[in-house]
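All remarks here apply to the structure that follows.
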Amino acid sequence: MNNFGFIKVAAAIPSVRVADCDYNSQQIIAMMTKAANKRASVVVFPELSITSATCGDLYQQSLLMEAAEKALKRIVIASHDINITAIVGLPVAVEDKIYNCAAVVANGKLICLIPKQYTSKAESRWFTSGLGVENRIIGDFIGQDVSFGANQLVDINGVKIGVEIGEDMQAVIPPSTLAVESGAKVICNLAATIQTVGKYEQMEDFVTNQTQRLKAAYVYASAGFGESTTDYVYAGDALVAECGLVINSAKQFSVMEQLVIADVDVDLICNLRQASSTISRSGNCNKYAINTISSYDDIEEMYNLDRSIDPMPFVPSDELLRDRVCEEVFAIQVLGLMKRLKHTSCHSAIVGISGGLDSTLALLVTVKAFQLLGLDCKGILGITMPGFGTTDRTYRNAVTLIKELGVTFREIPIAAACRQHFADIGLAESDRSVTFENAQARERTQILMDVANQCGGMVIGTGDMSELALGWATYNGDQMSMYGVNCNVPKTLVRHIVLWKAKQYDIFPNIKNALIDVVDTPVSPELLPASAEGEIKQKTEDLVGPYELHDFFLYHFLHNGFSPAKILFLAENAFNEKYGRETIVKWLKTFFHRFFSQQFKRSASPDSVKVGIVGLSPRGDWNMPSDASAQVWLNECNKL
């Protein structure tokens with residue numbers, strides 16, 4: 001079964017009884033079975049889950065220690081028939097000292113024992129710190145020799161996993177950091193966190209920040225219902241996080257057992273680390289012992305993904321967060337343009353306004369830049385250049401925005417000039433080839449550049465990152481400008497930024513209504529004549545595919561470094577039958593063909609400001625030869 005680079009993990013919160021090792025081991029075995037049936041490769045239980053975490057001075061009773069060891073043996077024996085690696089917590093006596101340990105169990109064997117390193121002041125009453133305890137062999141523990149030490153990793157089918165317990169995560173240099181330096185991709189934490197107001201949020205922030213910093217995944221399981229409430233409450237917190245994001249989490253304060261299942265993307269972690277210079281390997285990490293575990297799954301079926309895939313990776317689904325992103329991206333665009341205008345002592349800007357999304361956003365950015373610089377917006381020339389395909393709808397919106405925003409309006413039709421040019425080069429006017437289309441784009445760019453020379457102004461580019469990725473621009477036409485404000489903003493986000501700006505014009509209904517209508521207008525270059533009804537006939541997404549698909553492809557190809565097969569797998573999960581497999585594959589082929597063949601346009605693109613984690617600038621973001629071959633990627637596409 002192809003798992004597409006994922007490993008399925010689980011965080012388990014079992015029902016426990018304080019000091020009842022028989023009962024607790026039964027619950028652990030049952031949840032191991034349940035997690036295995038869900039195809040999880042590893043399941044993590046809370047700290048001291050075999051005894052419960054609130055036994056107090058009972059930890060110093062030999063009878064409880066013996067009961068814990070016997071319970072662990074039952075779990076080990078049961079694991080022979082359960083295809084999963086389990087990490088459970090228990091107290092272990094070693095050379096007259098008691099350690100708070102994580103026991104790694106798989107295939108009917110106790111693989112290793114890993115002691116907690118940073119015990120709290122309260123815990124030090126019963127437990128010895130495992131800090132500095134290096135790998136050694138304990139003889140005849142549950143009837144076998146077992147590896148014991150803090151410096152151990154577990155390798156499950158090639159994925160290295162590190163373990164830390166509770167407060168270990170809060171150390172100045174947590175064990176997780178050293179484990180990652182030794183190659184761990186997933187960190188498991190067995191915890192028994194006391195619940196107080198704000199505690200969960202602190203833990204979640206720490207875990208997500210740690211996974212972002214380390215480019216790793218984290219499985220956290222904390223004690224829950226059944227623990228003693230003599231002094232404290234344990235809320236049963238559990239979550240799985242990856243590279244700064246929580247993938248899945250448990251319901252707090254539940255009295256029921258909970259099993260949190262999620263898929264961790266090991267490919268993503270590897271690719272992000274390879275692209276980063278922040279993950280180093282230290283000499284101390286060579287001391288880590290690697291315990292190898294093999295699990296087998298011969299089932300031939302589609303991999304069932306236990307996580308949601310965002311179909312709009314550039315656009316947050318939460319409205320408040322989305323508005324904050326739009327605000328920040330817009331501010332970055334404005335600041336970039338302000339610097340360029342100030343550096344060149346330029347008091348004039350020229351924007352070609354079509355009534356479409358991109359030119360509208362460019363105009364809004366330019367107006368804001370002028371306002372913040374204290375410049376008269378009459379210094380902005382909004383030029384509309386109607387041609388053979390211009391519709392009344394887009395023309396009306398363009399004119400409305402130019403005039404209502406206080407920008408100088410100019411209208412320069414291009415039809416006559418293009419007809420003369422067609423005659424000069426011998427192109428029949430009935431010809432509807434790419435020459436017919438591109439000549440119009442170049443005529444418009446020539447007008448903008450010449451007007452800029454007239455007034456000592458700067459031509460502001462309007463094209464966005466999605467168009468640049470597909471090469472959906474005319475070389476030396478709309479591909480060129482003096483400064484590009486949208487070049488690193490994906491089309492799916494452009495739409496939302498314009499909507500966000502529309503909210504700010506409540507007291508200017510003409511502007512607000514025009515912006516909303518721009519968003520509702522089909523994306524089109526309007527280079528072919530309109531329909532008999534005057535409607536847009538040339539719709540970009542009918543020709544190159546839906547931009548939401550292409551932005552999805554772009555994000556996972558550039559940022560995550562994924563192959564076409566994995567991108568297809570993710571897209572099928574993300575779009576949930578909105579697009580069928582055949583449709584996705586069709587546009588995936590289009591994406592890779594165009595992305596590679598159109599690099600020459602990006603190599604010659606004007607300066608532009610970066611706004612997000614993905615950028616296509618040839619100077620600082622995407623460095624690819626213009627003659628690179630797409631064959632390897634297209635070959636895989638053809639096999640899908």
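Annotations for the structure displayed:
- Qualifying positions in the stretch 584-613 - in contact with a Ser or Thr (Cβ under 6 Å, 6 or more places away or on another chain) and in a loop (DSSP other than H, G, I, E, B): P606
- Inclusion of G477 among residues that are of a type outside the set (F, W, Y), part of a loop (DSSP other than H, G, I, E, B), in contact with an Asp or Glu (Cβ under 7 Å, 6 or more places away or on another chain) and under 25 Å from R602 (Cβ atoms) is not warranted.
- Residue check for A362: at pLDDT 95 or above, buried (at least 23 other Cβ atoms within 10 Å of the Cβ) and touching a Ser or Thr at 6+ places or on another chain (Cβ under 9 Å): yes
- Taken as a whole, the structure places G406 among residues that are within 30 Å of K512 (Cβ to Cβ), among the small types (G, A, S) and modelled with pLDDT of 95 or more.
- Checking each residue in the stretch 200-217 for being among the charged types (D, E, K, R) and either outside the structural domain of P46 (by TED's automatic domain parsing) or without any contact (Cβ under 8 Å) to a residue 12 or more places away in the chain (or both) picks out E201, D205.
- For the condition in contact with a helix residue (DSSP H, G or I) (Cβ under 6 Å, 6 or more places away or on another chain), part of a loop (DSSP other than H, G, I, E, B) and within 24 Å of V334 (Cα to Cα), N510 does not qualify.
- Taking the stretch 365-398 as the range and being hydrophobic (A, V, I, L, M, F, W, C), surrounded by fewer than 22 Cβ atoms within 10 Å (Cβ to Cβ), more than 23 Å from E437 (Cα to Cα) and touching a Phe, Trp or Tyr at 6+ places or on another chain (Cβ under 9 Å) as the test, only C377 passes.
- Per the conditions (1) buried (at least 17 other Cβ atoms within 10 Å of the Cβ); (2) farther than 16 Å from S524 by Cα, the sole criterion not satisfied by G463 is (2).
- Members of the stretch 596-640 that are among the basic types (K, R) and either within 26 Å of the chain's Cα centre (by Cα) or farther than 23 Å from V459 by Cα (or both): R602, K610, R619, K639
- Helices (runs of 4 or more DSSP H) contained entirely in the stretch 315-418, each with at least 3 residues that are hydroxyl-bearing (S, T, Y): 357-373, 392-404
- Taking the listed residues S129, S124, the one that is out of contact with any helix residue (DSSP H, G or I) (no Cβ under 8 Å at 6 or more places or on another chain), of a type in the set (S, T, Y), buried (at least 17 other Cβ atoms within 10 Å of the Cβ) and without any contact (Cβ under 8 Å) to a residue 24 or more places away in the chain is S129, with no other qualifying.
- Within the stretch 409-467, being among the β-branched types (V, I, T) and touching a Phe, Trp or Tyr at 6+ places or on another chain (Cβ under 9 Å) holds for I414, T435, V459, I460.
- A residue that is under 20 Å from D267 (Cα atoms) and in contact with a Pro (Cβ under 7 Å, 6 or more places away or on another chain) cannot be found anywhere in the stretch 596-614.
- Beta carbons closer than 6 Å, at least 6 apart along the sequence or on distinct chains, never pair a first residue in the stretch 254-275 that is over 19 Å from A238 (Cα atoms) with a second that is among the acidic types (D, E).
The values are calculated or read from the model by the stated rules, or taken from the named source; none is laboratory data. Because the structure is a prediction, the values reported are computed rather than measured. Using ideal geometry, Cβ is built from the backbone for each residue, glycine included, and neighbour counts are taken over all protein chains shown.
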